Amino acid sequence: MLRLNGMEQHWKVMKETRQHGILSFEQGFEMLLQSEVDDRDSKRYDRLKKNAAFRYQASIEEINMDAARGIDHSLITDLATGGYIEKAEPIIITGAAGCGKSFMASAFGLKACAQGKRVAYYNLQKLLQRSKMARLEGSLQKLMDRLAKTDLLILDDFGIVRLEQQQRLDLMEIFEDRHGRKATIIASQLPVASWYDIIGEDTIADAILDRIVHVSHRIELKGESLRKKR
């Protein structure tokens, strides 16, 4: 049985407002079809948004575009079109605590959901803890496959603590699977120059950074914490 909830709801409205007796068959049918498309798009967006588990419910329009914060308005506008996802290009957002990195990453992610993309939002340490548990449970490959297929992976709080050896290898596998195939957003309090120390092993650090830094869009947020201004 077909579930045409959008058409059903709009048909009720048309009868209540007596539009069904005024419009031609073609006009009415076109409106019903559009209502069904809109209803399905809305439900898909809600499902994608829920599955992504964003830290903030944010929008591009809510980002503070003050030039003093080091934000290139044209870059943000361009990235909002989603072209970086189609090209599998990374975005790196850096800045001090509270300057809006997570909010901006969430805004890009929610915009991607609105564009029909599958998004996953993780605190990096929690993701690496999940990979550790998955390894013990024998489900690591399933987790890695799911991450590899996600259109946009957002890794927040990158570099909070120095990585352990297995964490380095897991992170390397994640970036290797996504390199040139899927887009990734990384948000970090630390400047990229400090990432070598956080990753903690030069060979692996070189391999990871080579896959994300040199081809990335860079956003370096400046200024004091926005939380202090609230």
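Bear in mind that the values in this text are calculations on the coordinates, not laboratory data. Computed from a prediction, not measured in an experiment: that's the story for all the values here. Every residue, glycine among them, receives a Cβ derived from its backbone with ideal geometry; neighbour counts consider all protein chains shown.
Roughly how many debye, to the nearest 20, is the charge dipole of region 59-229 about its Cα centre, given +1 on each Lys and Arg Cβ, -1 on each Asp and Glu Cβ, and no other charges?
Magnitude of the dipole: close to 520 debye.
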request  = Within the set of other residues whose C-beta is less than 12 Å from the C-beta of residue 142, count the net charge using Lys and Arg as +1 and Asp and Glu as -1.
outcome  = +2
inquiry  = Counting only other residues whose beta carbon sits under 10 Å from that of residue 196, what net charge do I get with K and R as +1, D and E as -1?
reply    = -4
message = In Å and on Cα atoms, what radius of gyration and Dmax does region 59-229 show?
response = 15.6, 49
